[in-house]
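The values are calculated or read from the model by the stated rules, or taken from the named source; none is laboratory data. It should be emphasised that the depicted structure is a prediction, and the values quoted were computed from it without experimental measurement. Counting neighbours? That spans all protein chains shown, and the Cβs are built from the backbone with ideal geometry, glycine included. Accessible surface is based on the protein model in full, side chains and every heavy atom, while ligands, DNA and RNA are left aside. Shrake-Rupley method; radii C 1.70, N 1.55, O 1.52, S 1.80 Å.
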Amino acid sequence: MKVAVVFHSATGNTKRLAQSVASGAAIESGVEVVAVEIVGADIVEGRFVNIELLRSLDTADAIIFGSPTYMGCVSAQFKAFTDATSEWWATQVWANKIAAGFTIGANLSGDQLNTIQYLQVFANQHGMFWVGLDIPGNYDPAKRNRLGAQSGLIAHCVDTELNETDLLAARYLGQRVVQVGKKLAA
């Protein structure tokens, strides 16, 4: 099974979450994990131009999307990436892949749920199967879903410091995506 973690990070916190998601996916045997960061050079005059990055996702069995929450949604860089997938959408190249998502914000709410919902709608438009967290908020002994989001991982940082519990939840999300993917494959 091949898992791709596609993300944009401005301050490094989303990247740290992506690394935790990837490490969680890699726990499972027989899994190849690829982390793909959307960077400034991928955007020219507001348009995402890294077609090779898009093509590299075609061979993934699961794609986990990550973006910081800016003004209640994904970052402009991540939005440019999603806008560039219209050809993939039209031909449903990513249909029947597993998808999940994660985000982080500086405010306790900060409308991060809207970012997760955007990612979920984006994945559904591509015909993908969305995987959320199956940990009820505040009912996990490890407190991994401390903010109580079921649709995906919502993290929160204070003064640019990422909460370690959110990194545990990110790791769990990666592992869960692989487990669900293997279950569907069986």
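Compute the distance in nm between two label points, each set 7 Å from the Cα along the Cα-to-Cβ direction, one at Asp58 and one at Leu108.
Placing both labels 7 Å beyond Cα along the Cβ direction yields 4.7 nm.
Once amide H atoms are placed 1.01 Å from N in the peptide plane, what residues at a sequence separation of 5 or more from Lys2, or on another chain, have their amide H within under 5 Å of its amide H?
Hits under the 5 Å cutoff: Glu32, Asp61, Ala62.
Just need the relative contact order of the chain here, percent rounded to a whole number, with Cα pairs under 8 Å and 6+ apart.
26
Given a Förster distance of 22 Å, report the FRET efficiency between Ser29 and Asn124 from their Cβ-Cβ distance, rounded to the nearest 0.05.
Once the sixth-power term is evaluated, E becomes 0.15.
Which entry in (i) 15.5, 53; (ii) 15.1, 47; (iii) 16.3, 55 matches Rg and Dmax of the Cα atoms in Å derived from the coordinates of this structure?
Answer label, from the structure shown: (ii).
Work out from phi, with θ = phi - 60° and the Karplus expression 6.51 cos²θ - 1.76 cosθ + 1.60, the ³J(HN,Hα) of each residue of the stretch 121-131, listed in order in whole Hz, and give x for Gly and Pro.
Per residue, the Karplus-derived 3J(HN,Hα) values read 4, 4, 4, 5, 4, 7, x, 8, 9, 7, 10 Hz.
What value, in deg cm²/dmol to 500, does the helix sum -39500 (n - 2.57) over DSSP H runs of n ≥ 4 give at 222 nm once divided by the residues of the chain?
-12000 deg cm²/dmol
With every protein chain left in place, what is the accessible area per residue of the chain in square angstrom, probe 1.4 Å?
46
Counting only DSSP beta bridges with both residues in the chain, tell me the antiparallel percent, nearest 5.
Rounded to the nearest five, the antiparallel share is 15 percent.
How would Tyr118, Tyr70 rank on accessible area, largest to smallest, probe 1.4 Å?
Output order, biggest surface exposure first: Tyr70, Tyr118.
Sorted by average packing, counted as other Cβ atoms within 10 angstrom per residue and highest first, what order do 151-157, 119-125, 50-56 take?
In descending order of packing, they fall as 151-157, 119-125, 50-56.
Give the residues of the stretch 53-88 whose amide nitrogen is closer than 14 Å to a point set 7 Å from the Cα of Val39 in the direction of its Cβ.
53
Which one, Ser9, Ser109, Ala80, projects farthest toward the positive side of the charge dipole computed for the chain from Cβ point charges (K/R +1, D/E -1)?
Towards the positive end, the residue furthest out is Ser109.
What FRET efficiency would be calculated for the residue pair Ile51, Asn96, taking the C-beta separation as r and a Förster radius of 25 Å, to the nearest 0.05?
In this case the efficiency is close to 0.65.
For the chain, build the charge dipole from Cβ charges (+1 Lys, Arg; -1 Asp, Glu) around the Cα centre, then report which of Ala26, Ser56, Ala123 sits farthest towards its positive end.
Among Ala26, Ser56, Ala123, the one farthest towards the positive end of the dipole of the chain is Ala26.
Run the count for the chain, please: Lys pairs, Cα-Cα under 16 angstrom, 8 or more apart or on different chains.
Lysine pairs meeting the criterion: 5.
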